[in-house]
C-alpha cells in the first residue's frame, strides 16, 4: 500500500521505475535515447527526452508525456525501467517522448501553476502544439501520428494538448487531470481548503529556493492542530518563500485567479479521440476526471469521447493490481484489465489503425457487486431520482418524514477538538481513507448518523449525489460534511489471513464524502455569513459513484462540521479564514433539521 504522505504517493505516481516495467537493460537494448531542447514560438527551449525503437524496419507513432515532475533519468546514457503508459508499450512499437514543461527542471522559461490559456501569448496548448510540430518533423521513423497521455498534473497538460491540437495528434488520454482547484480538485473542495494534502504537496513540489520541512512527528492530527490558524503557517514553515501558498491565502474565494485556471470552458473544438480515465477512490482529482469527460461531451457533439472509471486511487490504474483498497476487495486485477483490454487497444487503434476495440461510451466498474459495466452514456440511462431522508431516532429512509418541520438533531462543533478523518496515525492523506471504516466517527457526539433498515434487495446508486440540508448554527459560518456509507452485515467474515485483526462485521465503508463551506452556499464568488440560529438550506453535489449496496447491508448518512486535518478548521465565525486569529475560533451549536417542509436528505440516482 502507499505511504500515507502525499509526497510518497506522488513519488509513486511519477516514478518511471514502474513495478510493471521491462527493466533498464531491456529499454537500453531496444531503444535509442536522444535528448533535445525544442524551441517554442517565443524562443524558449523545452527539454525533451525521446526514446526510439532500434528496429528501423517500420515506422512508429509517438507517445508524448509533458510533466512538471521531471522527465528523467537525465543523461543520454541513462534509461528508465519502463516507457509509456504501461508495460505493453515498450514492447508494442512506440516512440516515447517525455518533456519538462516550461520553467521546470531542465526546461527554460517561467513556470506558472496551471497556466491559463492565452489568446495572444504562449500557453500549455501552444507549447504542446510546437512540441508535436518539431517531433513529427525531426524524429526519424515516426508515422506522423501522435498520442498524448498524463496522470494528475501531467493529465492537465494532456488536456491542454487536446485544445487546439496539432493535426498529428490523434488520441489523447487525460488521466485524473487537474481541472478546477477551488471547487473540486486537490487544494479545495467546495471552497474548503484540503489542508494536509495541500501543505504536504507544497513541500514535495518545492521550487528552487523554497524551504522543505519535516513534520517531526508521525501524528498528523496533532501536527496540524499545533500548526494553529493558517495565518501562522508562513512564519513557522514557509518563511515567505512559497509562492503558491501565498496565492492560496490571497484568493480565499472564487475570483479571476481561479476562474482563469479551469480548463472546462475551453474544451471546445476537440478533434483527437479522447479517453478520460479516473478512479472512484481518487482523493485528488476525481472532480477533474468526471467534469473533463462531461465538458467534452456537452461541448463537442459527435466527438469521440469516452470515460473509464475503475475502483482505483489516484493513478492506481497505472501501477497497481487494483484488486483491493484497504480492507475492501474488488475480486479481480482491475488495473491489469484496464491496461491490457482498454488503454493499449485505444492507442493501438487510433495511432496504428489496428482493429477498433469497440469501447463503450463509459467503461465503469460497479463497486459492491465488483463488476465491469459497459454503459452507452454517463450517468447511465434509466436511473430514478430518489431522496434518502434523515428521520428521527437516527433512521434513514426513502419516504419523507411526517413530523413537524421544527424537528432537528443537534451537536456541538468545537474547532479545538475537530473530528478526525481517519482513526489511525498519519501525517498526510492516506489513500485508504476513501473506503475507511467510519465506526469511529459515528460514535462521536459531534457527528450525527442515520441508517436504513436491513436492505431486502440490492440498491445500485449510479451518478452524482446531491446533499440538501436544512441547518442552523449558533455561529456565523460553518462547514457541513456529508458522507454516504455502506454498512456491512454483522456476520460478514473477516479477511483470511488477517494479521491486522480487521473485523468486517458491521464495517461502515465510506462510499463518498464531501465538505461544503457554508459561506459559499449561494455563491463561490461572494461568500455570505450565516444568520445565527436561522434555518437555511445548504445544498451541494458530491462526486459520482457507481456502487451497489447489497441485500443484507444498510445505507448510512453521516453529517458533521469538521473533518481534520483533511480540511482546514473553520473558525465558525465569518472572518477571512487566512487572516483568522486564535480568538476567532469558537464552538458552535449545529442543528440538522429533518421535519416536514425542512426535510434534510441526500438525493441519489438508483438503477432498478
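The residues of the stretch 478-509 that are in contact with a helix residue (DSSP H, G or I) (Cβ under 6 Å, 6 or more places away or on another chain) and closer than 15 Å to residue 550 by Cα, listed by number, are 508, 509.
Considering the conditions (1) in contact (Cβ under 8 Å) with a residue 24 or more places away in the chain; (2) within 26 Å of the chain's Cα centre (by Cα), residue 371 is excluded by exactly one of them, (1). Residues in the stretch 197-213 that are out of contact with any helix residue (DSSP H, G or I) (no Cβ under 6 Å at 6 or more places or on another chain), touching a residue at least 60 places away in the same chain (Cβ under 8 Å) and more than 13 Å from residue 68 (Cβ to Cβ): 203 alone. Within the stretch 422-447, the residues that satisfy the criterion of being surrounded by 24 or more Cβ atoms within 10 Å (Cβ to Cβ), under 20 Å from residue 328 (Cα atoms) and touching a helix residue (DSSP H, G or I) at 6+ places or on another chain (Cβ under 7 Å) are 429, 431. Scanning the stretch 21-39 for residues that are in a loop (DSSP other than H, G, I, E, B) and under 13 Å from residue 53 (Cβ atoms) yields one hit, 22. Looking only at residues of the stretch 562-584 that are out of contact with any helix residue (DSSP H, G or I) (no Cβ under 8 Å at 6 or more places or on another chain) and over 23 Å from residue 182 (Cβ atoms), we find that the one that is surrounded by the fewest Cβ atoms within 10 Å (Cβ to Cβ) is 583. Here the condition is being surrounded by fewer than 22 Cβ atoms within 10 Å (Cβ to Cβ) and without any contact (Cβ under 8 Å) to a residue 60 or more places away in the chain; of 527, 499, 464, 489, it holds for 499 alone. Note on the stretch 262-281: among residues that are out of contact with any helix residue (DSSP H, G or I) (no Cβ under 7 Å at 6 or more places or on another chain) and surrounded by 20 or more Cβ atoms within 10 Å (Cβ to Cβ), the one that is farthest from residue 367 (Cα to Cα) is 262. Screening residue 197 with (1) touching a strand residue (DSSP E or B) at 6+ places or on another chain (Cβ under 8 Å); (2) crowded, with 19+ Cβ neighbours inside 10 Å; (3) in a helix (DSSP H, G or I) gives one miss only, at (1). Residue-level check: of (1) in contact with a helix residue (DSSP H, G or I) (Cβ under 8 Å, 6 or more places away or on another chain); (2) modelled with pLDDT of 95 or more, residue 20 misses just (2). From the list 65, 105, the one residue that fits, being in contact (Cβ under 8 Å) with a residue 12 or more places away in the chain, surrounded by 15 or more Cβ atoms within 10 Å (Cβ to Cβ) and not in a strand (DSSP E or B), is 105.
The values are calculated or read from the model by the stated rules, or taken from the named source; none is laboratory data. Because the structure is predicted, anything quoted here is derived from the model rather than measured. Cβ coordinates were reconstructed from backbone atoms using ideal geometry, including for glycine residues, and neighbour counts include every protein chain displayed.
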